[in-house]
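For reference, the structure is listed below as structure tokens.
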Amino acid sequence: MTQLYPLLMSPAFDPRPWGTLDLSAIYPNHKFNERIGEAWLTGDHCVVVNGPLAKRTLADLSKELGAELVGTAARDPQRFPLLLKFLFPEEKLSVQVHPDDVTAQQFGEPWGKTECWYVAHAKAGSQIALGLKPGVTRAQFAESIEEKRAEELLQWVNVYQGEMIYVAGGTVHTLGPGAVIVETQQQSDTTYRLYDYGRPRRLHLERGLASVKEHTASGKVIRPAPASIDGGNSRFSSMIRAPYFKVDLFELKEPHVFSTAADGGKTSVQILVAVEGCGVVEAQGRDPVTLAKGDAVVIPAVVESFMVRPQWAVEFLIASLPGGLVPEPATRM
């Protein structure tokens, strides 16, 4: 069997009507002839580009390698647990909802879709809509869709670079233009479109409205201030701890060693996504991998430790799985 090693992923660019031709904030060397809304980094069909496992998909590797890849903290050892992607909205996304686990299973899906958004870049005035306004019922919201005024009943909030937003399953939401988002979510693409500003796309009102919750824990995550790493010039920020994922932000100016250990004696795959700068990922006995802005590197759980060595400086997120039960995060609007 091939010795597992840090896996550099190829981004899969997904056209969307609300996307943009200009992805230069993250991918300055890419040119596009159609509007790109998303760059998928760890979807089931995303492929490895380095080493002996090049051209293999994460779905195939998860089925074959199980916990060696995804870790013992994964709920399903043969499915890659987290989908990470960049979002590039130039227009408003549809008003939509993702089901939580219970509702998704009622519809025959294995699990729901809870997610979080790290705001990598944001122009002045960038907004998101997150949940229904206080006191609005599901029935009132359904009526507003029929009357083509659904946006009026949503909570719109300004977003700023560096914020983390928690979006629990069952939360009605949309993104406005002007921000670049790194989304971390359960490995699911179950989206129910409720309102689309007259675009000629299918709506999913029956299942969508059945998924809507009037009250959720969604909002801007309240988190501790960044901390220095080992008293040096590098910094660490705990961005979110949630039932399905945890995400940390590192700003490295010196090399640092990381572990794939999770709480409770378990292990977890680690997903690194660079948002600024460049570095090199090193694991003992494996070839080094370059991690530059826009790249994602998957560290299999069986690789117990690895080092990130910045090339001057590198800023990146690490997404992984909690090793036990974790409550929803504290949030505010």
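Structure data summary
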item	result
Count of residues meeting criterion [assigned to a strand (DSSP E or B) and crowded, with 22+ Cβ neighbours inside 10 Å] in segment 253-270	2
Members of segment 1-31 that are assigned to a loop (DSSP other than H, G, I, E, B), more than 28 Å from Lys92 (Cβ to Cβ) and within 20 Å of the chain's Cα centre (by Cα)	Pro6, Ser10
Some residue of segment 294-302 being more than 23 Å from Gln78 (Cα to Cα) and either surrounded by fewer than 14 Cβ atoms within 10 Å (Cβ to Cβ) or of a type in the set (D, E, K, R) (or both)	yes
Index of the failed condition, Gly208 passing every other in (1) under 15 Å from the mean Cα position of the chain (by Cα); (2) in a helix (DSSP H, G or I)	(1)
Those residues of segment 115-127 which are in a strand (DSSP E or B) and not hydroxyl-bearing (Ser, Thr, Tyr), in sequence order	Glu115, Cys116, Trp117, Val119, Ala120, His121, Ala122, Gln127
Pair list, Cβ < 8 Å and 6+ apart or interchain, from segment 253-281 residues that are closer than 16 Å to Leu69 by Cα to residues that are in a helix (DSSP H, G or I) and of a type in the set (Val, Ile, Thr)	Ser268/Val70; Val269/Val70
Residue identified as farther than 16 Å from Val302 by Cα, β-branched (Val, Ile, Thr) and either part of a strand (DSSP E or B) or at pLDDT 95 or above (or both) among Val281, Val273	Val273
Number of the exception - Ser126 against (1) under 28 Å from Asp44 (Cα atoms); (2) over 17 Å from the mean Cα position of the chain (by Cα); (3) crowded, with 20+ Cβ neighbours inside 10 Å	(1)
Of residues in segment 202-235 being touching a His at 6+ places or on another chain (Cβ under 9 Å) and modelled with pLDDT of 95 or more, the one surrounded by the most Cβ atoms within 10 Å (Cβ to Cβ)	Ser211
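The values are calculated or read from the model by the stated rules, or taken from the named source; none is laboratory data. As the structure is a computational prediction, the values presented were derived from the model and not from experiment. All Cβ positions, even for glycine, are placed from backbone atoms using ideal geometry, and neighbour counts span all protein chains on display.
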